[in-house]
């Protein structure tokens, strides 16, 4: 049976009985109609999802997964049928709610089962995409040292800082042992069913070239250059995608709240505070989450560094309790929106202080890696091993404070005979630095051919240039966050201080007149609540704008937006102070003069 084929329980029973027993009706009782229908549906569904399940990397069989989906469908259909049979006994109002619950809950579970392979495939592709340049460089270094591609694949299990491709090798090894394939066939089979096209091409090209007796080094160098070209192509479209995100920010954070407030002023009886709260707080939050996910999708994973967000949550948890404390202590003297802004800034500053040194260290180490790897390559050309070259550079050269600390700690282990890979768990540094150093260790193990070190140096240099290119293209995005913050404060101030107050006065003057088209102007009591919600939304949405702008411009993580979010929050409070409290809007429009 070839990989990907699956049998139902009935087929397995018939096969185990042998050919001689297949003709005897007594030995093989005919399965029931329900069992035959169940097996046919399960097998048909399993055949449809088997390749998707295999590509996703989920550890379950298509038969078992199909049975789960079929079980959920049967349960939901049964519940709906029972509910309709009991409809005469149920009140009409409760029947609608029960029907909605019976449909939505099972549908959600079925949808979860159907989307789980899609999400698993996406996560697998992103993990491979992040490690792919380093994996391709590893294969190129092995080819330069005269090591066959199949042998290089076998040693993937020794690379601790390429965890995804380590898993990929275990998948290849499992297929090889399960179906008694040779390494060529196993790698080609896994490459054929890999969800990422770049990995598929790399697998098939490297193994096919070795199998046909071609020059693997030239082919691998071409594949490496192709990966860099793809990365540069993605970076060129980077700014265009984020220009669309800027337009989405203007619509979600400025135009929608402003339009909702304007319509609410004219139709206060129709658009109540729940709709205003949704437009000013809930919808911008949803858009911010979606835009954050889009940033994660568009940002090349090769150029980012993973960050622990647990500390950020701990820092921001006291924001609301501190807000209530400020309101209780100062009372009406300190409006809620100012108290909210002060609370956000107060607890964001410690988070900045916590993350800033780590992010600064990461940027300094990554900035030094190109010159460091080039220096190692030059030392290897003189006949020195990478380990001895690192010790020499530690003693005779200075880079920057962050990289010098990493190198001195690493050299202290190397001097007592520890290999580079063995010392890496004992030092702190970004993932890019650790995987580069581990490839140096593999180069030493493979013979430290000068060509292999040149490939590694080129990789690190291209990765650094890609990171700088990404930062230069997105630097304007954080500036637009500052501009949008001031625009948000200005537009909301116009709507509240001019439009809302105008129609409040009109409402007081025409209380006895019936307005057409269901119009009902905002009252004085509603105006006070509107002011509270609108200006608090200005502060909150400004904070979100700063987080998104900093995430795009400064490193691809939400913690990189803490500084810009603090600046945006302060700008929003300054804007409210100028436009509202100091009467700048009234002076511009000559309102009240």
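The values are calculated or read from the model by the stated rules, or taken from the named source; none is laboratory data. None of these values were measured; they are calculated from a predicted model. Quick reminder, even Gly has a Cβ in these numbers, built from the backbone with ideal geometry, and neighbours come from all protein chains shown.
Residues to consider are 463, 480; find the one that is crowded, with 19+ Cβ neighbours inside 10 Å, out of contact with any helix residue (DSSP H, G or I) (no Cβ under 6 Å at 6 or more places or on another chain) and closer than 23 Å to residue 550 by Cβ.
Working: 480 fails: out of contact with any helix residue (DSSP H, G or I) (no Cβ under 6 Å at 6 or more places or on another chain).
Checking each option against the conditions leaves just 463.
Filter region 332-342 down to the residues that are under 14 Å from residue 532 (Cβ atoms) and either touching a strand residue (DSSP E or B) at 6+ places or on another chain (Cβ under 9 Å) or assigned to a helix (DSSP H, G or I) (or both) and list them by number. Those that are under 14 Å from residue 532 (Cβ atoms) and either touching a strand residue (DSSP E or B) at 6+ places or on another chain (Cβ under 9 Å) or assigned to a helix (DSSP H, G or I) (or both): 332, 336, 337, 338, 339, 340, 341. Residues of region 52-77 being under 15 Å from residue 107 (Cα atoms) and touching a helix residue (DSSP H, G or I) at 6+ places or on another chain (Cβ under 8 Å), which ones? 68, 69, 70, 72, 73, 75, 76, listed by residue number. Yes or no: region 193-206 includes at least one residue that is over 24 Å from residue 459 (Cα atoms) and part of a helix (DSSP H, G or I). Checking region 193-206: not a single residue is over 24 Å from residue 459 (Cα atoms) and part of a helix (DSSP H, G or I). Taken over region 111-147, residues that are more than 24 Å from the chain's Cα centre (by Cα) and either surrounded by 13 or more Cβ atoms within 10 Å (Cβ to Cβ) or part of a helix (DSSP H, G or I) (or both) amount to 10. Considering only residues in region 210-222 that are free of Cβ contacts under 8 Å to residues at least 12 places away in the same chain and part of a helix (DSSP H, G or I), the one that is nearest to residue 462 (Cα to Cα) turns out to be 222.
Screening residue 418 with (1) touching a helix residue (DSSP H, G or I) at 6+ places or on another chain (Cβ under 8 Å); (2) surrounded by fewer than 20 Cβ atoms within 10 Å (Cβ to Cβ); (3) not in a helix (DSSP H, G or I) gives one miss only, at (1).
Selection of region 388-401 for residues being surrounded by fewer than 20 Cβ atoms within 10 Å (Cβ to Cβ), under 36 Å from the mean Cα position of the chain (by Cα) and outside any loop (DSSP other than H, G, I, E, B) yields only 401.
One residue stands out among those in region 26-60 that are surrounded by 12 or more Cβ atoms within 10 Å (Cβ to Cβ) and either touching a strand residue (DSSP E or B) at 6+ places or on another chain (Cβ under 7 Å) or outside any helix (DSSP H, G or I) (or both): the one that is modelled with the lowest pLDDT, which is 28.
Hey, does region 296-308 have a residue that's modelled with pLDDT of 85 or more and exposed (fewer than 14 other Cβ atoms within 10 Å of the Cβ)?
no
If you check 443, 351, which single one turns out to be closer than 28 Å to residue 130 by Cα, in the same structural domain as residue 305 (by TED's automatic domain parsing) and touching a residue at least 24 places away in the same chain (Cβ under 8 Å)? Steps first, please.
Numbers: 443 fails: in the same structural domain as residue 305 (by TED's automatic domain parsing).
After ruling out the rest, the residue left standing is 351.
Somewhere in region 454-466, is a residue in a loop (DSSP other than H, G, I, E, B) and either outside the structural domain of residue 137 (by TED's automatic domain parsing) or at pLDDT below 85 (or both)? The answer is no, given that none of the residues of region 454-466 is in a loop (DSSP other than H, G, I, E, B) and either outside the structural domain of residue 137 (by TED's automatic domain parsing) or at pLDDT below 85 (or both). Within region 427-440, is there a residue that is surrounded by fewer than 19 Cβ atoms within 10 Å (Cβ to Cβ), within 23 Å of residue 467 (Cβ to Cβ) and in contact with a helix residue (DSSP H, G or I) (Cβ under 7 Å, 6 or more places away or on another chain)? Looking for residues that are surrounded by fewer than 19 Cβ atoms within 10 Å (Cβ to Cβ), within 23 Å of residue 467 (Cβ to Cβ) and in contact with a helix residue (DSSP H, G or I) (Cβ under 7 Å, 6 or more places away or on another chain), one finds at least one in region 427-440, hence yes. For residue 323, the requirement of being part of a helix (DSSP H, G or I) and farther than 26 Å from residue 554 by Cβ is met.
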